[in-house]
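Presented below is the structure to which this report refers.
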Amino acid sequence: PSESMKLNLRILTLLLMGLFSMFSSVSNADESPESVQLTLAVTAADRISLTAVKMVEKGLNAYEAIKQLVVVGVKDTSYGPQIMSLGGVEAIGNTYWALYVNGSMSMVGAQDVILLDDTFIRLNMEDF
């Protein structure tokens, strides 16, 4: 077979593999009980107001899930990653991103919030 035919076959094989993996991931999302719905709200007075809903992998920590929905800037601390900016809006001075899980202020960082059920997370910029 000619070089161009070999190339065409290779491209076709890649396309078919891509389609197959796309279909298998779509059907898994529908039937699999292994995903939960994350609703994320990011609010900071007049600077940002964002709400997003996404199916995420059950057992994922909130920090990893949040990173799938919005650009996150972090500072590494001894407690784990501290969220410093969300969607380009930075907590500076005496402000910080307060983490609420299902309406209650979280006593742990986003990395330690494990998504086992449908969860509503709100990150709100607040003053110390």
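Once backbone amide H atoms are built at 1.01 Å from N, MET84 has GLY73, VAL74, LYS75 as its partners under 5 Å, excluding neighbours fewer than 5 places away on the same chain. 3J(HN,Hα) couplings calculated from phi for the range 103-110 with the Karplus curve 6.51 cos²θ - 1.76 cosθ + 1.60 (θ = phi - 60°) are, in sequence order, x, 10, 4, 6, 8, 10, x, 4 Hz; Gly and Pro show x.
Close amide-amide hydrogen proximity is noted between SER106 and LEU99, TYR100, VAL101, each under 5 Å apart and 5 or more residues distant or on a separate chain (H modeled in the peptide plane; Pro and chain starts excluded). The amide H of ALA44, built 1.01 Å from its N in the peptide plane, has MET125 as neighbours under 5 Å, considering only residues 5 or more places off or on other chains.
With θ taken as phi - 60° and the Karplus curve 6.51 cos²θ - 1.76 cosθ + 1.60 applied, the whole-hertz 3J(HN,Hα) list for the range 36-43 is 10, 8, 9, 10, 10, 10, 10, 9 Hz, x standing for glycine and proline. Taken one residue at a time, the phi angles of the range 116-122 give Karplus couplings (6.51, -1.76, 1.60, θ = phi - 60°) of 10, 9, 4, 9, 10, 10, 10 Hz. Gly and Pro are set to x. Annotation: lysines with alpha-carbon distance below 17 angstrom to LYS67 (same-chain offsets under eight excluded): LYS54, LYS58, LYS75. Accessible surface of VAL70, taken over heavy atoms with a 1.4 Å probe and every protein chain present, rounds to 10 Å².
Largest accessible area first, the residues GLU3, GLU64, GLU34 order themselves as GLU3, GLU34, GLU64 under a 1.4 Å probe with ligands, DNA and RNA left out. When ASP118, ASP76 are compared by accessible area at a 1.4 angstrom probe, the order from most to least is ASP76, ASP118.
The values are calculated or read from the model by the stated rules, or taken from the named source; none is laboratory data. Computed from a predicted structure; not experimentally measured. All accessible areas refer to the heavy atoms of the entire protein, side chains included, with ligands and DNA or RNA removed. Shrake-Rupley method; radii C 1.70, N 1.55, O 1.52, S 1.80 Å.
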